[in-house]
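The values are calculated or read from the model by the stated rules, or taken from the named source; none is laboratory data. No experiment lies behind these values; they were computed from the predicted model shown. Reconstructed Cβ throughout: ideal geometry from the backbone, glycine too, with neighbour counts over all protein chains shown. SASA here: full protein model, heavy atoms, side chains in, ligands and nucleic acids out. Shrake-Rupley method; radii C 1.70, N 1.55, O 1.52, S 1.80 Å.
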Amino acid sequence: MWHKWWALFRAGWGNALAYRAEIFIWMLTGTLPLVMMSVWLSVAGGEAVGSFQPADFVSYYLGGIFVRQMVGVWIVWDLERAIRLGELSPKLLRPINPIYEYMAENLAAKPMRLPVLLPLLVLGPLLYPGAGYELSPANVLAFLVTLALAWLLYFFIQYCIGLLAFWMSQATSLWQAWFHLWLVFSGYLIPLDLFPPLVTRLSAWLPFRYTFALPLEVLMGRLGGTVLVHQVAIQVAWVLFFVALYRMLWSRGLRRYSAVGA
Amino acid sequence: MRYVRLLWLFFKNSLLVEMEYRVNFALNTLLSVLWLGVRLAAVLAFFVHRPTIGGWTLPEALIVLGLFNVFSGIIDAVLRPNMDQIVEHIRKGTMDFILTKPVNSQFLASLRVFVVWNLADVVLGLGVIVYALGRLDFRPSSAQVAVFAALLVAGVVIVYAFWMLLVTLAFWFVRVSNITELFSTFFTAGRFPVTVYPDWVRWLLTFIVPVALLTTFPAASLLGRLTATYALLSLGMAAGLLVASAAFWNYAVRHYASASS
């Protein structure tokens with residue numbers, strides 16, 4: 001199995017290398033967090049807003065850019081096209097489930113982003129006194145675990161929505177609708193703690209938060225002890241739910257795909 | 001007059017094409033509503049904690065947000081599809097067909113296709129502005145409305161000319177479609193009154209990437225807060241950028257060597 005993975009991973013890396021300029025520009029366009037940070041700092045006027053000190057906004061939004069780039073998956077358009085145009089057929093002939101190919105391709109492009117992202121995490125605390133992250137070994141481990149699970153969850157949600165292309169022609173629009181909700185309920189635009197309490201509590205039960213805010217809050221050292229364990233449990237439950245959903249959609253979708261005669 | 005008729009014809013064509021996909025039409029309208037919801041949430045969150053941002057109250061800030069929605073609708077309905085088309089024409093060498101038509105080539109290349117359903121954002125944005133004025137219980141004077149309308153037109157001209165300047169670079173660098181994405185990077189800051197940003201950002205958003213002229217300036221004029229100097233600045237920028245974009249386009253076309261030669 002490992003040599004198949006390695007081959008897929010190398011192919012993905014080659015792909016990422018070919019598109020490095022584009023990847024760089026896409027990263028530059030994700031500036032909304034910087035805008036939000038700037039407005040919060042102005043609104044705060046040097047005083048705390050809710051549970052956030054001004055420096056926390058810097059840590060939150062700069063760390064947020066890092067988490068977003070590490071968790072991000074952009075396969076729904078490829079997947080939708082592969083299903084609609086029948087490009088999926090040759091992939092099915094290979095001795096490996098196409099989902100691994102998509103996974104490897106996405107993972108292989110991640111290291112490309114690090115040279116831009118890591119300086120962000122270092123610069124924030126250097127330039128803004130009081131900003132920073134909780135870097136004890138246990139906390140870093142918790143961060144990496146929740147970050148990996150967040151990626152897995154985001155990947156499977158997007159893959160499930162992409163698979164809906166077996167039945168409908170608007171799978172990508174559906175993804176966009178999901179993404180709009182994600183922007184609000186994941187904590188990407190606004191820290192979830194700063195919403196009215198009702199929204200904060202609601203977001204704790206929805207899947208969005210577990211693809212973004214959880215690892216970020218862990219990195220900032222805002223979660224610990226039993227709360228952290230409880231949160232990871234919910235995150236794992238959502239991952240299992242979407243993996244199960246994927247297996248169901250995949251087997252039914254394939255039957256439908258071959259029934260259409262591709 | 002001929003150009004107005006042509007424009008109407010192009011618009012009708014685009015509409016007819018899209019009417020074939022009614023489900024998409026409904027779905028995209030739904031997406032526009034969701035989008036507005038996200039943008040509203042991002043503004044409301046600040047007002048949960050503070051009564052004003054950058055000196056603007058909630059209804060006042062909503063006017064800025066409404067204008068942001070209007071302009072993002074115009075960009076997605078008119079600018080983005082046409083500018084993508086221009087890059088395609090240059091890449092594939094079909095630009096020759098545009099240049100040989102007996103119509104101004106910039107007009108024909110840049111106002112040809114419309115993604116009509118994105119105009120839903122324009123309607124929703126205007127709705128937000130009307131709602132905000134109702135909340136303020138404020139009836140702008142007819143002079144304020146006139147200045148507002150003039151600045152709105154200036155804003156449309158500015159954003160059009162700015163995109164044209166960027167996309168004309170495609171005559172030399174074919175992979176320029178990414179450059180227009182960089183505009184979006186700055187445009188996204190236009191959703192909030194420009195006074196919430198630090199001085200240097202404010203300056204950048206006024207003079208270099210004139211996003212403030214699209215949203216904050218017209219909103220301020222509607223509220224009777226904009227000084228005449230700034231109103232004139234906006235109109236002057238619009239005229240200057242339009243002339244510059246036309247000149248740059250003509251220069252590019254003259255040096256365009258076509259794909260086959």
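Here are some notes:
- For B:Lys101, the criteria (1) farther than 24 Å from B:Phe183 by Cβ; (2) outside any loop (DSSP other than H, G, I, E, B); (3) among the charged types (D, E, K, R) hold in every case but one, which is (2).
- Index of the failed condition, B:Asn24 passing every other in (1) touching a residue at least 40 places away in the same chain (Cβ under 8 Å); (2) facing another protein chain (nearest Cβ under 10 Å); (3) open to solvent by 70 Å² or more (accessible area, probe 1.4 Å): (3)
- Test for A:Leu8: is it within 29 Å of B:Thr195 (Cα to Cα), in a helix (DSSP H, G or I) and away from chain B (no Cβ under 13 Å): no
- Restricting the search to helices (runs of 4 or more DSSP H) fully inside the stretch A:118-206 and requiring at least 3 residues that are at pLDDT 90 or above and away from every other protein chain (no Cβ under 14 Å) gives A:137-163, A:197-205.
- Consider the stretch A:25-56 and keep the residues that are more than 7 Å from chain B (Cβ to nearest Cβ) and in a loop (DSSP other than H, G, I, E, B). The one that is surrounded by the fewest Cβ atoms within 10 Å (Cβ to Cβ) is A:Gly46.
- Verdict on A:Leu228 being part of a helix (DSSP H, G or I) and surrounded by 12 or more Cβ atoms within 10 Å (Cβ to Cβ): yes
For (1) modelled with pLDDT under 95; (2) part of a helix (DSSP H, G or I); (3) away from chain B (no Cβ under 14 Å), each residue gets a yes or a no:
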residue	(1), (2), (3)
A:Tyr210	no, yes, yes
A:Leu214	no, yes, yes
A:Gly221	yes, no, yes
A:Val239	no, yes, yes
A:Met248	no, yes, yes
A:Arg252	yes, yes, yes
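- The one condition from (1) under 14 Å from B:Pro193 (Cα atoms); (2) within 13 Å of chain A (Cβ to nearest Cβ) that B:Val48 does not meet is (1).
- Selection of the stretch B:2-27 for residues being at pLDDT below 85 and polar (S, T, N, Q) yields only B:Asn24.
- Every listed requirement among (1) within 14 Å of chain A (Cβ to nearest Cβ); (2) modelled with pLDDT of 90 or more; (3) open to solvent by less than 60 Å² (accessible area, probe 1.4 Å) is met by B:Phe162 save one, (1).
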